[in-house]
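Q: For reference, the structure I am asking about is given below.
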Amino acid sequence: MKKYSLLCILLLLPVCQLSAQHAAPGSRFTIARLKYSGGGDWYNDPSIIPNMLRFLNENTNLRCGTDEARVEVTDNALFSYPVLFITGHGRIVFSQQEVERLRNYLLNGGFLYADDDYGMDASFRKMMKKVFPDKKFVDLPFSHPLFSMLYPFPAGVPKIHEHDGGPGKTQALFHEGRLIVLYTQNTNISDGWADPEVHQDPEPVRRAALQFGANIILFALAQ
Amino acid sequence: MTALEKLKKRLARIRFRTRAVHGAEKMALFISAIAAAVLVLPLLYAAPLRDDVVYRWLVSLSAAGLFCWLGYHWFLKPLWQCVFRRNTPSLEKSALQIGAAFPQIRDRLSNALQLMRDMPKMDEAASALAQKEFERVHQAVAGLALEKYISTEQLRRNTATAAGLLIVTLSFAFIFPNTYREALRQLLTPYSRPAQAEYVFRVSPGDVRIVRGTSLEISASVADVQPRSMSLHVLYGGGFEETFSMQPVAGGPFRYTLENVQESGRYFLKSDDRSSESFQLEVVELPDIRQMQLRVRPPAYTKLPEMKPEPDVGLVSVLPGSDVFFSVLTNKPVREAKLLFSDHDPVILKISGEALTGKVQIRSAQQYSVYLKDSAGLENANPILWQIDIIPDQRPVVEIVRPGRDQDLDESRRISLLISGEDDFGFTRLDLVYSVYRSGEKERSFRERLNYVSREATLQAEYLWDLQPAGLEPEDVVVYHVELFDNDMISGPKKASSREYRLRLPSLMEIFAEAGEQQERSLENLDELAKNTEEIREDVQEILQEFRRNPELDWEDKQALRDASGKQEKILNDMQTLGEQLDEMVDRMENNELLSPEILQKYQELQELIDEIATPEMREAMRKLQEAMEKLDPENIEKALEAFQQEQEQFARNLERTINLLKQLQAEQRLEESLRIAEEMVQKQEQINDKAQSESSPEQQSALADEEMKQMKRLEQLQQALKSLQEKIAELPQIRLPREQVNTAQETAESQELMENLQEMTQALDRADQEQAAQTGQQLMQQMQQMQQNLAQAREQMQQNQQAELRQALQRGARDLLRLSRRQEALARKTAQSEATQFRDLADQQQDVLSALLRTGEKLLKKTQESFFMPGEAVQKLDAAATNMRSAIDQLGNRQGARSAGHQGKAMQGLNAAVAELRQAMRNMNGSGSGSSGMQDFFRRMMGISQAQEGINQQTQGLNNPGMMSMERQAALARLAARQEALRRAMQELQKQYGGRGDVLGDLGNIAREMQEVAQNLRQQKTGRQTIERQRRILSRLLDAQKSVQKREFSKKRRAETGKQYRALDPGRLPADLGERRSRLRQDLLRALKENYTRDYKKLIRSYFEALSREAQQEGTGAQ
């Protein structure tokens, strides 16, 4: 598996760099945080994306920017970002226009990573149902490349925060075989990307979160 | 000189001339004779005489003798006499001859000369007489033209004869050169054999030059002879000879055609062992194209690569504006080369040896050929006429894919467009063209250039169109389309226009009316569903009773059950549709900001209720019933029937609850609608009143009268909304709506006075009676404000009622927690004093307290979960208390009394702290004033701050106008800085009061800090990009904070507690359909049904796919 992962990385790095080059409007790849209405705190934990980008810069060949981008579904720049990230604790509401546009984005090569910060699960699923009435979330098996892209996670998604107790979930929506929406729930991976003093998580836990995040980004860019 | 000498000299001159003329006459005779001899010479050699050698000698010798004789007498002798015998005859004789020509002289001149000759011998007298005589003669001849004696008549005749004969002879010789040549040869060489005079070949064309590859016809005949046969012999270089038999043409010459002559040589003819002379056959080559290669370079804008047709193919199709490059190789060097076009000036090709190059830009279809001319002036023959066809650059096409229909705008006045275009080579411009129509009249038109430039053949442009700047008013219509221009730089960009669509900004009243209708429809549908559900429930009840009596299901019972199950399925689907319709309606209202947060929240509850109504249990019960019927197991059937019945009852209850909630919501929304309309009326009336005083022209007043007419429409709408509200209140006696204020508002709205005032105001404005308008406008304002106040009070009262319930819940919670705190205190004390043997009992008691705490906490959370006042800290404290209680139980189990007591003490403290938080929350609630809820208070204040911040932002941007005087700007910035500072203080105040809810609101402190920095920048007159960005950020955070309070998820679990390690189960593998099965199944089904199968077979296919779909759904229940 390790050999396979290394091979994957070697093969995928050029692709990653290519994707990064096309991540307008900045010259370098960045993760775009999705702003949404409905009341949920789309903006929470401002340190998480810069930390994740720094981790990618330091540990992969991917050359990323240092700041997160912020984008609304209706922004004209939406299609400039290959990877969107959505999180929050509250309600997410997409208007019909937003639903259509997000669907258009995802069906045309976009990737959305959603991380439940506790409290957005119901409304996120509801919105995704609106976006893709015919698709359903499927649990990703541990053999999926996401769990071995760069760092191996043979036991599935790492558990970062307790929330409901029990193991975390990694689910996905697919379109024509391509993974278009990745959803981690009951673990809060992105909280693990925050500055150490924010949640005071132990270093190994933070590191696991960042490593899993690196897997997600590399997978999203390479698939 | 003496007279005699002069006379002698004159006579000598005449004598010489006379002799010269005579000599010339003879020479002319000589020439005539020679010419005549030559002329007749061939006759002398006519067959058969010429074959005789003696004859030939005789002729030759005779000719020589004659020539000599004639030459002597007619040529040499006169010449000799003329040159060497100048003094003969004597002068006396000449004088006698001359005198004979003149009768008056006769011999006198001769005699005079003789006398003069003899005079020396005479005596003097005789001499004198002689002299006298001589003088007389001399005088007589002096006046005579003695030269007339010389006659040239004969000379002229002879010369003419000689010339004529000479011409004739030369002509014959020219015509029959061989004959004369042969005759001369025979004459000069009589010993040689005479030529075959009878085989004189007449050959055509003789020496000839032809073009390589062409044909040459040679014809030949023999003079005076008709040979039996004739052959053509062609000699090529290297001694190679070809012989061809010539065929005679009836009675004419022999002919032969040499086909495709390729090589130069000589040819001659043979006939009867005689050969003709040989002739030159020169083969020349015309200039021609050996190879031609075209290269097409399409116009730069197409970005197409160069195209190279097959070599030697001059037929091409090109885009207009393409450059066509010609490379031609010729068979020989040429002097001139050019391309000749049907509709274009000739293009001269550049010559380099045998290589020719040239370029031409093609804009229209052309026929062309290549013209060549070599140094010998030969041109290429029959050049090929090639064709260059034009491939037209297609017009682009464009359409608006989204929305792709006429639609209404919402309050944001933004609409997302998806524009799809196609062209063969790309686009240079995309314009959005729109016009605003107000009351059916076009107000203004706009053209907005969208920055989409593409060299791709297709265009998918997303554009978020913000119509705010268009200044739309309700009921305005925007007619729009897009125009797409391609990048044809040769013929000019071509334009395509999309279909026109319309956008309409609906009025508040329309949206409310539509939403009301939707709600009514939803209610009707729900009532219908409830009725159907009841019917199904009765049917199932009946079947169940029958089944218990007789556990055998007959066909009719089974059918009835199937029908019931089917109907139930349909009801579930209808519920889902209903939920979606409500969802859309709420979205629309929300987008137009027509829903208060409370109503929005209730809608969410309603939607969740609808979502939950179709429980998985119900579907499971239906499935089990189906299975049981198929297996015909009575026990299972009864169980399944009972389960189905239970689920149905639950469903019916939920449905009823939904209906009640919807009705209640309808009532609340009617109240909200009434209030909004009343507010709008007040606002509009205020504007009308102000304008009525400031705008005095009749036109302006008339326009205001129209506005006032619209107020009447609003009033009608308000009356309907209030009427509907009253009906709802009557339907729902339990509703907490205050009727008194609603009644008062309704009475005012329906009062005659209000209507009369409106009419009077309209008329006053029509008359431009400003005084009357001011008075009536004031009255109207008061009436409308009264209505608005009544309705606002009604809403506030309703909220207070709701708040009261909340307060009660908090009070009950605090009381219960206090009781638990006392129990916990007692338990802690007891634990500290007890023996180990009592620990088990104490642990049980602690468990009781913990259970009671969890129950109370659950109840409290449930009751207060929608409340903005439920402090997160209280929940945290309760959570901490529960944790300590669990630890205390654990320690009691470990017989650690002291440690347990410690945890118990902490649990008690947690409970007390939670009570304190709840009491603080109640105090906040009481302190929020004017009876409004805390959420409303927070909203109001946040909204105020946001609006003020928006105003500051706009003014700051306005101050960047370079035309503004520095003093004026400085003062304005100081004022803005002061306002920003005031806002900061207000924000801090708000933070103090609600700062504990930072988890919900975000960090309000950050906003205050940003405000402080902006205020400082403004004071320092820094209004650059950074300040403006910061202001935008503040506003964004303020708006976010407002929205965040709508968040309902409120749980202790939100705390970021580091996760423990759990062993997760690997899902194994991804499902084969990757969660897309339903859509794939649907596509497969549609595809299958399109095939030409029989109806029965199609039915089977449909059943098969339905079964697969059900299976997929069941598999997916867990995953979603």
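Q: Give B:L754, B:L737 a once-over and let me know the one that is of a type in the set (A, V, I, L, M, F, W, C) and either in a helix (DSSP H, G or I) or closer than 30 Å to B:V540 by Cβ (or both). Please lay out each step first, then the result.
A: On the way: B:L737 fails: either in a helix (DSSP H, G or I) or closer than 30 Å to B:V540 by Cβ (or both).
Among B:L754, B:L737, only B:L754 is of a type in the set (A, V, I, L, M, F, W, C) and either in a helix (DSSP H, G or I) or closer than 30 Å to B:V540 by Cβ (or both).
Q: Residue under question is B:E707, and the condition is that it be out of contact with any helix residue (DSSP H, G or I) (no Cβ under 7 Å at 6 or more places or on another chain) and not in a loop (DSSP other than H, G, I, E, B); does it hold?
A: no
Q: Please determine whether any residue of the range A:121-133 is modelled with pLDDT of 90 or more, hydroxyl-bearing (S, T, Y) and out of contact with any helix residue (DSSP H, G or I) (no Cβ under 8 Å at 6 or more places or on another chain).
A: The answer is no, given that none of the residues of the range A:121-133 is modelled with pLDDT of 90 or more, hydroxyl-bearing (S, T, Y) and out of contact with any helix residue (DSSP H, G or I) (no Cβ under 8 Å at 6 or more places or on another chain).
Q: Report yes if some residue within the range A:187-196 is at pLDDT 90 or above and closer than 30 Å to B:Y463 by Cα; otherwise report no.
A: Looking through the range A:187-196, none of the residues is at pLDDT 90 or above and closer than 30 Å to B:Y463 by Cα.
Q: Could you list, in sequence order, all residues of the range A:138-161 that are more than 9 Å from every other protein chain (Cβ to nearest Cβ) and polar (S, T, N, Q)?
A: A:S148
For every residue, the table says whether it meets (1) among the polar types (S, T, N, Q); (2) outside any helix (DSSP H, G or I); (3) at pLDDT below 75.
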residue: B:F938; (1), (2), (3): no, no, yes
residue: B:E950; (1), (2), (3): no, no, no
residue: B:G963; (1), (2), (3): no, yes, yes
residue: B:E968; (1), (2), (3): no, no, yes
residue: B:L973; (1), (2), (3): no, no, no
residue: B:A978; (1), (2), (3): no, no, no
residue: B:R985; (1), (2), (3): no, no, no
residue: B:Q1012; (1), (2), (3): yes, no, no
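Q: Next question, about the same structure. For residues that are out of contact with any Ser or Thr (no Cβ under 6 Å at 6 or more places or on another chain), more than 22 Å from B:I150 (Cβ to Cβ) and of a type in the set (V, I, T), tally how many sit in the range B:12-66.
A: Count: 5.
Q: Okay, moving on. Kindly list, by first and then second residue, each pair from a residue in the range A:41-56 that is within 14 Å of another protein chain (Cβ to nearest Cβ) and on the phi < 0 side of the Ramachandran plot to a residue that is of a type in the set (D, E, K, R) and assigned to a helix (DSSP H, G or I), limited to pairs with Cβ atoms under 7 Å and residues at least 6 apart or on different chains.
A: Hits for this filter: A:Y43/B:D1040.
Q: Looking for something more than 8 Å from chain B (Cβ to nearest Cβ), outside any helix (DSSP H, G or I) and touching a residue at least 60 places away in the same chain (Cβ under 8 Å) - is there at least one such residue anywhere in the range A:124-137?
A: no
Q: Still on this model: Take A:E203 and decide whether it is surrounded by 19 or more Cβ atoms within 10 Å (Cβ to Cβ), without any contact (Cβ under 8 Å) to a residue 12 or more places away in the chain and within 21 Å of B:Q1061 (Cβ to Cβ). Before the answer, list the steps.
A: Details: surrounded by 19 or more Cβ atoms within 10 Å (Cβ to Cβ): no; without any contact (Cβ under 8 Å) to a residue 12 or more places away in the chain: yes; within 21 Å of B:Q1061 (Cβ to Cβ): yes.
For A:E203, the condition - surrounded by 19 or more Cβ atoms within 10 Å (Cβ to Cβ), without any contact (Cβ under 8 Å) to a residue 12 or more places away in the chain and within 21 Å of B:Q1061 (Cβ to Cβ) - is not met.
Q: Hey, among B:L765, B:L758, B:L722, B:L704, which residue is closer than 18 Å to B:Q519 by Cβ and either aliphatic (A, V, I, L, M) or at pLDDT 85 or above (or both)?
A: Details: B:L765 fails: closer than 18 Å to B:Q519 by Cβ; B:L758 fails: closer than 18 Å to B:Q519 by Cβ; B:L704 fails: closer than 18 Å to B:Q519 by Cβ.
None of the others qualify; the one that does is B:L722.
Q: For the range B:269-336, which fully contained strands (runs of 3 or more DSSP E) count at least 2 residues that are within 21 Å of B:Q361 (Cα to Cα)?
A: Numbers: elements: B:279-284, B:289-297, B:316-318, B:322-330.
Answer list for the range B:269-336: B:289-297, B:316-318, B:322-330.
Q: Go through the range B:298-330 and give me each residue that's buried (at least 19 other Cβ atoms within 10 Å of the Cβ) and closer than 14 Å to B:T357 by Cβ.
A: Passing the criteria: B:V324, B:F326, B:V328, B:T330.
Q: Residues in the range B:211-219: is at least one over 27 Å from B:V334 (Cβ atoms), of a type in the set (S, T, N, Q) and outside the structural domain of B:G377 (by TED's automatic domain parsing)? Lay out the reasoning, then the answer.
A: Filtering the range B:211-219 down to residues over 27 Å from B:V334 (Cβ atoms) leaves B:217-219.
Narrowing the set further to residues that are of a type in the set (S, T, N, Q) leaves B:219.
Next cut, outside the structural domain of B:G377 (by TED's automatic domain parsing) only: B:219.
Yes, the conditions are met somewhere in the range B:211-219.
Q: Let me confirm something: among A:P141, A:P167, which residue is touching a Leu at 6+ places or on another chain (Cβ under 7 Å), free of Cβ contacts under 8 Å to residues at least 24 places away in the same chain, farther than 21 Å from A:I92 by Cβ and not in a helix (DSSP H, G or I)?
A: Values: A:P167 fails: touching a Leu at 6+ places or on another chain (Cβ under 7 Å).
Unique residue meeting the criteria: A:P141.
Q: Something else: Give the range A:199-223 a look and list any residue that's within 14 Å of another protein chain (Cβ to nearest Cβ) and part of a helix (DSSP H, G or I), or say none.
A: In the first step, residues of the range A:199-223 are kept if they are within 14 Å of another protein chain (Cβ to nearest Cβ); the result is A:199-209, A:212, A:223.
Residues satisfying the conditions are A:H199, A:E203, A:P204, A:V205, A:R206, A:R207, A:A208, A:A209, A:F212.
Q: Looking at (1) in contact (Cβ under 8 Å) with a residue 24 or more places away in the chain; (2) crowded, with 18+ Cβ neighbours inside 10 Å; (3) not charged (D, E, K, R), which one does A:L107 not meet, given that it meets all the others?
A: Of (1) in contact (Cβ under 8 Å) with a residue 24 or more places away in the chain; (2) crowded, with 18+ Cβ neighbours inside 10 Å; (3) not charged (D, E, K, R), only one is false for A:L107: (2).
Q: Which one of the conditions (1) aliphatic (A, V, I, L, M); (2) buried (at least 16 other Cβ atoms within 10 Å of the Cβ); (3) over 60 Å from the mean Cα position of the chain (by Cα) does B:M787 fail to meet, given that it meets all the rest?
A: (3)
Q: If you take the residues of the range B:416-466 that are among the β-branched types (V, I, T) and more than 14 Å from chain A (Cβ to nearest Cβ), which of them is surrounded by the fewest Cβ atoms within 10 Å (Cβ to Cβ)?
A: Going residue by residue through the range B:416-466, those that are among the β-branched types (V, I, T) are B:419, B:428, B:433, B:436, B:453, B:458.
Okay, now just the ones that are also more than 14 Å from chain A (Cβ to nearest Cβ), so B:428, B:433, B:436, B:453.
Working: B:T428: 18, B:V433: 16, B:V436: 22, B:V453: 13.
The selected residue is B:V453.
Q: Quick check, is B:L737 in contact (Cβ under 8 Å) with a residue 60 or more places away in the chain and either closer than 15 Å to B:N790 by Cβ or of a type outside the set (S, T, Y) (or both)? Outline the logic, then answer.
A: On the way: in contact (Cβ under 8 Å) with a residue 60 or more places away in the chain: yes; either closer than 15 Å to B:N790 by Cβ or of a type outside the set (S, T, Y) (or both): yes.
Yes, satisfied.
Q: Here is a list: B:T159, B:T179. Which entry is touching a residue at least 24 places away in the same chain (Cβ under 8 Å), within 18 Å of B:T18 (Cβ to Cβ), of a type in the set (V, I, T) and in a helix (DSSP H, G or I)?
A: B:T159
Q: Something else now. Going by the conditions given, is B:V313 within 28 Å of B:D424 (Cβ to Cβ) and out of contact with any Pro (no Cβ under 6 Å at 6 or more places or on another chain)? Give the steps one after another, and end with the answer.
A: Numbers: within 28 Å of B:D424 (Cβ to Cβ): yes; out of contact with any Pro (no Cβ under 6 Å at 6 or more places or on another chain): yes.
When the stated conditions are applied, B:V313 passes them.
The values are calculated or read from the model by the stated rules, or taken from the named source; none is laboratory data. These numbers were taken from a predicted model, which means no experiment stands behind them. When we count neighbours, we look across all protein chains shown, and the Cβ atoms used for this are built from the backbone with ideal geometry, even at glycine.
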